[in-house]
Amino acid sequence: MDALIVAGGTPAPTDPLYPDCRGRPKSLLDVGGRPMVQWVLDAVAGSARIDRILVVGLGKEDGLQSSKPLLYLAEQGSLIGNLRAGMAYASSHDPSADHLLMATSDIPLITSEMVGFRADQIQQAGADLDYCAIERSIMQARFPDSRRSYIHLKDIEACGGDIHGVRLALNWDDALWDRLIAARKNALKQAYLLGLDTALMLLLRQASVPWAEEKISRRLHLRARVQVCPYAEVGMDVDKPFQLQIVRREIQALTR
């Protein structure tokens, strides 16, 4: 399986991380004396489940190192654009490949074991969209100060992780991507896309994971899967300065 690391994105002056980034991509923030993305790259490359790594948003000039074949793709201006670029490249270079693992560049505490676990989940489920979730109890026990936002379902309270899977054949479904792009920043369109009954059940906290999977799959005309991940590190992303300090402390403790 190929892996895509989304590493583009430069915080604007209004972003809380701007003072730390100063016009450079967030993925290049210093964590333990190395770019944050390098920790992610090392974890992904160290997994036996990963054959090749695609990095979108950076280039050779950024000096990343990898023990696996490493290729760079240009920033496409949006998360969906970056994902589709990675899907297109992976499909064109290995027509037999069926899934792509996607990780963000701001989860420097992940390990190769965690990447392999998610890759196995993605392959075994065989879903079109494989979304990673982490239970609140696990996240709070490992990172009590992370201040993550949680979704309340009938059978679980969880936050999103940052290693997902997607079936490569979906890249050719332009209608699907057009609907997702149109709904991305519009609450009413999101509710319509999911179905008003689904949105209402989520608001009332009456939806279970299997129920939500079935409804979303039917609405989007694909097979969606929510996979619970036991590793809090997969959800410990860096969006705020205090989260940057958390991962820096953790890396410092690991490298002493």
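Looking across region 131-143, the residues that are in contact with a helix residue (DSSP H, G or I) (Cβ under 7 Å, 6 or more places away or on another chain) and assigned to a helix (DSSP H, G or I) come down to Ile138, Met139, Arg142. Restricting region 146-159 to residues that are open to solvent by less than 30 Å² (accessible area, probe 1.4 Å) and touching a Phe, Trp or Tyr at 6+ places or on another chain (Cβ under 7 Å), the residue that is nearest to Gly86 (Cα to Cα) is Cys159. Cβ-Cβ contacts under 8 Å between residues 6 or more apart (or on different chains), taken from a first residue in region 100-118 that is in contact (Cβ under 8 Å) with a residue 60 or more places away in the chain to a second residue that is among the polar types (S, T, N, Q) and open to solvent by 10 Å² or more (accessible area, probe 1.4 Å), are listed as Arg118/Gln227. Among the helices (runs of 4 or more DSSP H) confined to region 145-225, the ones with at least 2 residues that are modelled with pLDDT of 65 or more are located at 174-183, 209-220.
Can you tell me which residues in region 89-99 are aliphatic (A, V, I, L, M) and more than 18 Å from the chain's Cα centre (by Cα)? I'd like the intermediate steps shown before the answer.
Filtering region 89-99 for residues aliphatic (A, V, I, L, M) gives 90, 97.
Across region 89-99, the qualifying residue is only Ala97.
Of all residues in region 96-143, which are open to solvent by less than 50 Å² (accessible area, probe 1.4 Å), polar (S, T, N, Q) and closer than 18 Å to Val55 by Cα? Once the filter is applied, which keeps residues that are open to solvent by less than 50 Å² (accessible area, probe 1.4 Å), polar (S, T, N, Q) and closer than 18 Å to Val55 by Cα, region 96-143 yields Thr104, Ser105, Ser112. The single condition among (1) in a loop (DSSP other than H, G, I, E, B); (2) free of Cβ contacts under 8 Å to residues at least 12 places away in the same chain; (3) of a type outside the set (A, V, I, L, M) that Gly8 does not meet is (2). Among the residues of region 95-103, are any within 24 Å of Leu244 (Cβ to Cβ), touching a Gly at 6+ places or on another chain (Cβ under 9 Å) and not polar (S, T, N, Q)? Within region 95-103, one or more residues are within 24 Å of Leu244 (Cβ to Cβ), touching a Gly at 6+ places or on another chain (Cβ under 9 Å) and not polar (S, T, N, Q). Of the helices (runs of 4 or more DSSP H) lying entirely inside region 29-130, those containing at least 3 residues that are under 30 Å from Arg218 (Cβ atoms) are 79-93, 112-125. Counting only residues that are farther than 16 Å from Leu101 by Cα and open to solvent by 60 Å² or more (accessible area, probe 1.4 Å), which one in region 36-86 is modelled with the lowest pLDDT? In this case the residue turns out to be Gly77. Residue count for region 1-35 satisfying the condition of being open to solvent by less than 10 Å² (accessible area, probe 1.4 Å) and small (Gly, Ala, Ser): 3.
For (1) in contact with a Cys (Cβ under 7 Å, 6 or more places away or on another chain); (2) touching a residue at least 12 places away in the same chain (Cβ under 8 Å); (3) of a type in the set (S, T, N, Q); (4) closer than 15 Å to Ile53 by Cβ, each residue gets a yes or a no:
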residue: Met1; (1), (2), (3), (4): no, yes, no, yes
residue: Thr14; (1), (2), (3), (4): no, no, yes, no
residue: Pro35; (1), (2), (3), (4): no, yes, no, yes
residue: Gln38; (1), (2), (3), (4): no, yes, yes, yes
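Just need a number here: residues in region 234-256 that are small (Gly, Ala, Ser) and open to solvent by 10 Å² or more (accessible area, probe 1.4 Å). First the steps, then the outcome.
We begin by selecting, within region 234-256, every residue small (Gly, Ala, Ser); these are 235, 253.
So of that shortlist, the ones also open to solvent by 10 Å² or more (accessible area, probe 1.4 Å) come out as 253.
So the answer is 1.
The values are calculated or read from the model by the stated rules, or taken from the named source; none is laboratory data. From a predicted model like this one, the values you see are computed outputs, not experimental measurements. Please note: Cβ atoms are built from the backbone with ideal geometry, for glycine as well, and neighbour counts cover all protein chains shown. Ligands, DNA and RNA are excluded from the accessible area calculation, which covers all protein heavy atoms including side chains. Shrake-Rupley method; radii C 1.70, N 1.55, O 1.52, S 1.80 Å.
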